Amino acid sequence: MAGINKPECECIFCGRSIADAGFDPCQLVLITNWLEPEEHQLKQQFLCHAECFRRLIRPGLPKVPLAFETLEPRWWEKE
Ligand SMILES: [Zn+2]
């Protein structure tokens with residue numbers, strides 16, 4: 001069977017390619033003017049490594065655990 005062409009996944013932070021493994025690739029969604037009505041917002045998606053995101057956010061933030069820190073990578077494969 002012919003392989004499916006996956007889109008090129010490049011990390012917005014480090015520029016390296018992102019393998020389909022662990023929690024990767026991750027999608028970051030930027031929403032501008034978040035407090036304004038939706039019609040005044042702009043949305044854009046970016047791809048990154050979970051580890052790059054974890055490394056670059058300020059220590060102690062966010063105040064709630066990151067979603068990918070509360071589960072095992074690929075948890076659905078273990079059920
Ligand atoms: Zn990266």
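Read-outs: derived from the displayed coordinates by stated rules, not from any lab. Predicted model, so just to flag it, every value in this text is computed and none were measured.
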Radius of gyration and Dmax over the Cα atoms of the chain, both given in Å = 15.4, 48
Under the helix-only model (-39500 (n - 2.57) for each DSSP H run of 4 or more, divided by the residues of the chain), the mean residue ellipticity at 222 nm, to 500 deg cm²/dmol, is -2000 deg cm²/dmol
